Amino acid sequence: MQSAAGPHALELLLVYAVTTGGDFGVTERSQLWGRAAGFYMLPDRNASVAVSRQWQHLEKLGLIERQQHGRFKRIIKRRECGLVGGKVSVAYTVPTGAKSDVYFRVPFAYWREDWHRKLDMPGKAVLLAAMSRRKETFTLPQDTRGARALGLGRHTVTRGIEELLHHELLVKTGTDEVVNARTKGGYESVHTYQLAKPFNINLSNSEIERLKAERAEIERTEAERLEAKYQTLEEVELTVEEVALLARGSNAGRRAGQPG
């Protein structure tokens, strides 16, 4: 979406959130769409022109279809892949979460907390790209090839990261070594990031399982440390949290020892 219509058309993808069944269509006044998307607030006839221009942009990309519905236009969402072969849009289907049907969620807070107005286009684009990573911690490539893989320009990624860091929607967590054949050693050090709430909601199933195992291991190690501390001292001061952790560990041990 590089044209002047692009930034506002992006906000009208709100249609994906309010069309959940049937023909996946919705019929509303142009004034409502303009206000919801935050780019036209006046209750006059110009709202129809402003909103229609954005719908036209999305329709050219194959993301929606417009049908006449009385005095209004009915907006029907199409598959997010857009035009297939650059020519035909595909009917929308509900995602299943299968490997070949990957999707991510955008929280309503994006609109309710006015981030669609606070963020410029680079920030919005990188925010969506970061959510699509579906990991707790991830990298955001800023070289030309890596940025192109996200569907963005290198400078757009750099500006977007800076914008999200400024608004504290993105947090630096450290660095990671990644393969880069263009460097002398074959690797380069890149920053790793995490999304702040409420945008940290997209995790793959494998990432969820990894985090569960990691946290279980941390709890087990801490419980063993406290157990050793408790057994080696005649008197020990334990916090309420430590007592609760010891109790959970003791109960888990008794359950594991019970015959099936």
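Each value in this text was obtained by applying a stated rule to the coordinates, not by laboratory testing. None of these values were measured; they are calculated from a predicted model.
Below are the figures for this structure:
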read-out: Proximal aspartates and glutamates relative to K73, as straight alpha-carbon distance under 13 Å, when same-chain residues fewer than 8 apart are discounted; value: E28, E59, E65
read-out: Computed helical MRE - 222 nm, the chain, DSSP H runs ≥ 4 contributing -39500 (n - 2.57), nearest 500; value: -13500 deg cm²/dmol
read-out: Given K60/K135; K99/K135; K99/K172; K135/K197; K124/K212, the pairs whose alpha carbons are separated by over 21 Å; value: K60/K135; K99/K172; K124/K212
read-out: Largest-first principal axis extents of the Cα set of the stretch 120-211 (Å); value: 39, 34, 21
read-out: Amide proton proximity set for T192, modelled H, under 5 Å, gap of 5+; value: T173, G174, T175, D176
read-out: Descending semi-axes in whole angstrom, ellipsoid equivalent of the chain, from the Cα gyration tensor; value: 46, 24, 19
read-out: Cα convex hull of the stretch 53-163 - mean projected area over all directions, nm²; value: 9.3
read-out: Taking the C-alpha atoms of the stretch 1-93, convex hull volume expressed per residue in Å³; value: 91
